Structure formats: C-alpha cells, structure tokens
1. Quick one: is residue 35 of a type in the set (Val, Ile, Thr) and modelled with pLDDT of 85 or more?
2. Out of curiosity, is residue 28 surrounded by 10 or more Cβ atoms within 10 Å (Cβ to Cβ) and modelled with pLDDT of 95 or more?
3. Which residue pairs have Cβ atoms closer than 8 Å, lie 6 or more positions apart in sequence or on different chains, and pair a first residue in the stretch 59-83 that is assigned to a helix (DSSP H, G or I) with a second residue that is among the acidic types (Asp, Glu)?
Amino acid sequence: MNKEIIFDFLKAKQLSGKDAFRQWKFILFLLLLGILMIANSHWYESKATEIANLTENVKELRSEFVDKRSELMEMKMESSISKKMERKGIYPSDVAPVKIKVKDNDSNFFEMLWE
C-alpha cells in the first residue's frame, strides 16, 4: 500500500487524474507566489544598493561642501583681501574711519533746493 502511494506520487498521477484541474490551479498559484517573491527580493536588493550609493554620494558632497566653505572663509579674511589688493597697488588706510552724523532738519529736501 505504501509503495503504491509513493509510486503514484513519483509518477504524478494526481496531476492527470480526476481532480487534475484543481491541482494545476494550486501549482500555478504557488508558481506565481514564487515569481513574486523573486521579483520582490530583486527589487529590495536594487533599492538597497541604490541607497548605499546615494549615502556614499552624500558623504562626498558633504566633505566637498566643508572644503569649499573653509576656502570661502579664508578668502573673506581681511589679511587675504589686503594681500590681493596690495598686488594691485591698493593699500589699507592708516586713518581710522569717521562716523558721519546727519542732522535732522525740519525742512524738506525740496524746500532746501528752492531756497
């Protein structure tokens, strides 16, 4: 009895018997699930590699940003600006700047022109 069941299973008699259509539907369903699992796994792996590449790109861009920011800070320093201007013949002033105070008059600008 057990040998007959095993031989029937190995010969796939359940796929060609009376309930064969129901068995084939189930096999096709399992095949579809397998294909979906493989596609999902492939999609996940591609997204994981894309995220890793983007993370590496962000690190590179961040370091480039820091380098450029430090270059800008160095260029904005008064000493570097004065060195560049000395090459062109422009030197810093020895006289300190003076604050200009404007007196507030009651008269209007146009009234002052007509006087």
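The values are calculated or read from the model by the stated rules, or taken from the named source; none is laboratory data. Just so you know, these numbers come straight off a predicted model, no measurement behind them. Glycine gets a Cβ as well: all are built from the backbone with ideal geometry, and neighbour counts include every protein chain shown.
1. On the way: of a type in the set (Val, Ile, Thr): yes; modelled with pLDDT of 85 or more: yes.
Criteria met by residue 35.
2. Values: surrounded by 10 or more Cβ atoms within 10 Å (Cβ to Cβ): yes; modelled with pLDDT of 95 or more: no.
Taking the combined requirement at face value, the residue does not satisfy it.
3. Filtered contacts from the stretch 59-83: 80/74.
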